[in-house]
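Below is one structure; the comments refer to it alone.
The values are calculated or read from the model by the stated rules, or taken from the named source; none is laboratory data. These numbers were taken from a predicted model, which means no experiment stands behind them. A quick note on method: Cβ atoms are made from the backbone with ideal geometry, for glycine too, and the neighbour counts reach across all protein chains shown.
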Amino acid sequence: MGMTIEQLREQVRGPVITPPDAGYEAARRVHNAMIDLHPVAVVRCANAGDVRAAVAFARENAVDVAVRGGGHSVPGFGTCEGGVVADLSGMRGVRVDGERRTARAEGGATWGDFNAATHAYGLATTGGIVSTTGIGGLTLGGGIGYLARGLGLSCDNLISADVVLASGEVVVADEQHNTDLLWALRGGGGNFGAVTSFEYRLSPVSEIYGGPIFFDLEHATDVLRGFRDVIADAPEELGAFPAFQIAPPLPFIPEERHGVPHIALVTCWAGPVEEGPAAVAALRDLAPVVAEHVGPMPYPALNAAFDALVPPGLQHYWKANFATELSDEMIAAHVEHGPRVPVVNSTVHIYPINGACHRVAPGDTAFAYRDANFATVIAGMWPDPADNEANISWVRDYYAATAPHSEEGGYVNFMAADDQGRIEANYRENYDRLAETKRHYDPHNLFRLNQNIAP
């Protein structure tokens, strides 16, 4: 007989929330409101020991275990049906070593938590685009963000990790211990264990120069072609990406433009701030500007600038591909489908992943697409479930139009629940080694709520 709920409660410091308990409805939810699953227990973990107990409960009762960090997983991997959730959201501490330029963060920290701690030292590492995203899921999937061209992916800056394995053993993965596990954690997703803390390399980034620039859709082709040409050999301190975006009702945008789709460029110059205007000029000058909010700001401010567009409780359906080139044919497909973005929360981003990302060999980390120059995401997000069919169709039609001009694989953090069949393509030649590592650390596939690598 497996561990009971009562025994689980006795073993953990954090609360264990079950269906009869107050707060269960909120505890079982993740950001994607399409996900409606009912775990038998949600453990609000206070420490690694609590995570270990939750994993033991799942193992002994042969049920699913979902490891939840920020809860942003589009397929809803942060919850489960009939299993146990190890909710790390109470484990958010960040400790910075300013002399070594490193930071150790607990597994439930968000990029907002992380940036707040490191910014006090004038330091940062590559995080995501939204500050409410958890560091765990983003890093384990690779970690694309504003600083990637200059600093590499989040996983490239991962120095070590503390991991609860399926067996219950708690191990350290670093360059001296369990090196195969560290390799797999650098892009291989949550397949190998529950990571309770991450240690990162930091770099000097404090104030940046950047923000969004909006252009009329009639200039979308020129903006995308110009972006392609500029970003190919721009200084690596320049992070920028195009977006199809309905203009939100913000003061810097003319009122008559509110609610209107635009092509935008979101810019981030992380070099000397006084060089920012010149660095961004090549992008600003691609077409007449409708509106912009560009200037010096703390890096954490840019990382949090779009948080309000992605609150919890939206419907989510996403698709993604890597692209070696942003070809004219690919641009034509974007220009056809991007302007149909359905609501202000939905968007399409084309992230550049050249520069420092290319200086890591494909086999050096689990993240294999080191020759790709762009990572595209069609992020369908909207508030009303009544629009699910129409908006899912928009995402799928868009994806079908761009996929022939893209690589077979895509960024696992942008994958939907129906993308499991693409798992080998997402990891290319690294897949067999990942499967071997999975067999070693999780032979029975206890950690299967992810873009799953079967042992």
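For Val94, only one of the following conditions fails: (1) under 30 Å from His349 (Cα atoms); (2) in contact (Cβ under 8 Å) with a residue 40 or more places away in the chain; (3) touching a strand residue (DSSP E or B) at 6+ places or on another chain (Cβ under 9 Å). What is its number? Single failed check for Val94: (2). Of the residues Arg428, Arg396, Arg439, which single one is free of Cβ contacts under 8 Å to residues at least 24 places away in the same chain and in a helix (DSSP H, G or I)? None of the other options fit; the residue is Arg439.
In this structure, does His358 turn out to be surrounded by fewer than 24 Cβ atoms within 10 Å (Cβ to Cβ), modelled with pLDDT of 95 or more, assigned to a strand (DSSP E or B) and within 22 Å of the chain's Cα centre (by Cα)?
Numbers: surrounded by fewer than 24 Cβ atoms within 10 Å (Cβ to Cβ): yes; modelled with pLDDT of 95 or more: yes; assigned to a strand (DSSP E or B): no; within 22 Å of the chain's Cα centre (by Cα): yes.
Taking the combined requirement at face value, the residue does not satisfy it.
Of all residues in the stretch 322-345, those satisfying the criterion of being among the hydrophobic types (A, V, I, L, M, F, W, C) and out of contact with any helix residue (DSSP H, G or I) (no Cβ under 6 Å at 6 or more places or on another chain) are Phe322, Ala323, Ala332, Val341, Val343, Val344.
Please verify whether Tyr398 is buried (at least 20 other Cβ atoms within 10 Å of the Cβ), closer than 14 Å to Thr376 by Cβ and either touching a Leu at 6+ places or on another chain (Cβ under 7 Å) or of a type in the set (Phe, Trp, Tyr) (or both), treating the condition exactly as stated. In short, yes.
Of the strands (runs of 3 or more DSSP E) lying entirely inside the stretch 276-344, the ones with 3 or more residues being in contact (Cβ under 8 Å) with a residue 24 or more places away in the chain, crowded, with 16+ Cβ neighbours inside 10 Å and in the same structural domain as Val377 (by TED's automatic domain parsing) are found at 289-292, 315-323. Can you tell me which residues in the stretch 67-103 are hydroxyl-bearing (Ser, Thr, Tyr) and outside any loop (DSSP other than H, G, I, E, B)? Across the stretch 67-103, the qualifying residue is only Thr102. Can you name every residue in the stretch 229-240 that is surrounded by 23 or more Cβ atoms within 10 Å (Cβ to Cβ) and either over 17 Å from the mean Cα position of the chain (by Cα) or under 19 Å from Asp328 (Cα atoms) (or both)? Once the filter is applied, which keeps residues that are surrounded by 23 or more Cβ atoms within 10 Å (Cβ to Cβ) and either over 17 Å from the mean Cα position of the chain (by Cα) or under 19 Å from Asp328 (Cα atoms) (or both), the stretch 229-240 yields Ile231, Leu238. Can you name the residue in the stretch 45-66 that is in a loop (DSSP other than H, G, I, E, B) and under 24 Å from the mean Cα position of the chain (by Cα) and, of all such residues, is surrounded by the most Cβ atoms within 10 Å (Cβ to Cβ)? Checking each candidate, the answer is Cys45. Exactly one residue out of Phe214, Phe198, Phe192 is modelled with pLDDT of 95 or more and not assigned by TED's automatic domain parsing to the domain that holds Thr110, and it is Phe214.
Only a single item in (1) touching an Asp or Glu at 6+ places or on another chain (Cβ under 6 Å); (2) part of a loop (DSSP other than H, G, I, E, B); (3) among the hydrophobic types (A, V, I, L, M, F, W, C) is not met by Val42, and it is number (2). When the residues of the stretch 107-137 are narrowed to those that are touching a Lys or Arg at 6+ places or on another chain (Cβ under 6 Å) and of a type outside the set (A, V, I, L, M, F, W, C), which ends up surrounded by the most Cβ atoms within 10 Å (Cβ to Cβ)? Top of the filtered list is Gly108. Of the residues that sit in the stretch 67-87 and are aliphatic (A, V, I, L, M) and under 17 Å from Ala166 (Cβ atoms), which one is surrounded by the most Cβ atoms within 10 Å (Cβ to Cβ)? Once the filter is applied, the top-ranked residue is Ala86.
What do you reckon, is Ala320 among the small types (Gly, Ala, Ser) and farther than 23 Å from Val260 by Cα?
Details: among the small types (Gly, Ala, Ser): yes; farther than 23 Å from Val260 by Cα: yes.
Yes, satisfied.
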